[in-house]
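For reference, the structure discussed in these notes is given below.
Taken together, the values in this text are just the output of simple stated rules run on the coordinates, not laboratory data. Every value quoted in this text rests on a predicted model; they were computed, and no experiment measured them. A quick note on method: Cβ atoms are made from the backbone with ideal geometry, for glycine too, and the neighbour counts reach across all protein chains shown.
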Amino acid sequence: MAEAVRSVRTVLVTGGAGFVGSNLVRLLLAERPAWRVVNLDKLSYAGAGGNLDDLADEPRYELVRADVCDAARVFEVFRRVRPQLVFHLAAESHVDRSIHAAAPFLRTNVEGTRVILDAARALGEGVRVLYCSTDEVYGDLGPRGRFTEQSPLCPSSPYAVSKAAGDMLARAYHRTFGLDVVVSRCSNNYGPYQYPEKLIPLMITNALEDRELPVYGDGLNVRDWIHVEDHCRGMLAVAERAAPGAVYNLGGSCEKTNLEVVREILRLTHKPMSLIRFVPDRPGHDRRYAVDASRAERELGWRPAHEFARGLEATVRWYREHQAWWRRLKDEGFRAYYERQYGTAAAGRPAGTG
Ligand code: NAD
Ligand code: TYD
């Protein structure tokens, strides 16, 4: 274990107001009672859900509203807070948005990562940075095999390129400057508090609203699904137990076609299969991802605990019980995005209303 991690008192999470970040902040507060958690987040559209509003009176939690690209502000926060451990999650995260406009992705995911790494370096010894990467950096897998940590990085979308650049930059800071950096590369997450633009929450909320479910292409693209809590526990294991400079894949060993996922959601919401609408494919759409996470299992003793069928059922229940949360996010701004992405026919009306 790295020296910094033995004596953690303060953890800084960037992007802690988003989907994975808010689940991670909750996990850290619950499982590491001696740690103080500072969340540095811009509260972009994806961080505007008030996911951690209930922690306002928690003395071990602090929210700092800041942009990771604002170097002066980030350096000031690092100097004041002096974290021993940084989980760097802040990112533009949606592939489809990166196809419409790549610039915000390169700015936040590459330049923002550079700022975080320089701010950590400026603290000197005693700080570890976990860069939260993704299996998308490996690109399209083809029909056989699984990604290992040795697979070449061959990203397909502007989002994936920006994450790969951040991943490589983080490792370069370890090699070149000796910064204590570790990297996790996780597969597709699902669970509570996921912004309703991503496949699973979009399909659940559209089904609950009796809207059509837009499936790209033939619906046979494969993703490897993992519950967000398993991802967060995996990052904690990497942060606490990995050697400096190490990279670990995290994945659920749960390959599903998008159609399988969407049909299961319709079954769980008791809605008809006729809500499925095939729409034009995403440009550059990777056909298949599958992650070999055996290194993390072997060396860190981590393994996913949530089984997909039950996890998806619980997630559908969560969205059913938290309608105010996602209905507020599916606001005017979201509708404009949706119409551009899917065309007005799918956006405006519930299915079957003409
Ligand atoms: P998200 O979009 O739900 O959350 C991103 C968060 O980052 C938001 O709170 C947003 O306000 C914040 N943010 C965006 N730009 C910022 C900026 N310039 N400065 C400060 N904060 C900013 O995304 P997510 O799904 O929670 O993903 C979080 C991280 O996990 C990302 O780095 C993503 O690449 C990685 N990841 C996600 C998945 C997944 O399936 N969701 C899988 C593997 C890795
Ligand atoms: P997404 O949740 O955007 O994650 P990623 O692209 O990072 O894997 O998409 C998951 C899969 O679902 C991907 O193959 C694209 C597909 N998809 C659809 O078919 N329809 C949709 O409306 C969305 C958002 C995704």
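What to note about this one:
- One Cα centroid belongs to the stretch 168-229, the other to the stretch 236-259; the line between them spans 13 Å.
- Karplus (6.51, -1.76, 1.60) ³J(HN,Hα), θ = phi - 60°, over the stretch 189-202, in Hz, Gly and Pro reported as x: 8, 9, x, x, 6, 8, 4, x, 9, 7, 3, 5, x, 5
- Taking only alpha carbon atoms, the stretch 141-286 gives an Rg to Rh ratio of 1.03, where Rh is the Kirkwood radius.
- Considering the stretch 225-354, its Cα convex hull presents a mean projected area of 10.6 nm².
- Unsatisfied cross-links (Cα-Cα over 21 Å) in the set Lys256/Lys330; Lys198/Lys330; Lys163/Lys330: Lys256/Lys330; Lys163/Lys330
- Overall Cα dimensions of the stretch 124-208, principal axis frame, Å, largest first: 51, 32, 21
- Per-residue ³J(HN,Hα) for the stretch 45-54, Karplus 6.51 cos²θ - 1.76 cosθ + 1.60, θ = phi - 60°, Hz, x for Gly and Pro: 3, 7, x, 9, x, x, 4, 10, 4, 6
- 31 Å tail of the calculated P(r), the chain, as % of Cα pairs: 30
- Amide H to amide H distances under 5 Å link Leu213 with Ile276, Arg277, where only residues 5 or more positions off or on other chains count and H is placed in the peptide plane.
- Each of Thr315, Thr269, Thr14 was scored by other Cβ atoms within 10 Å of its Cβ. Listed from fewest to most, they are Thr269, Thr315, Thr14.
- Compared with the dominant principal axis of the Cα atoms in the chain, helix 158-177 is inclined by about 10°.
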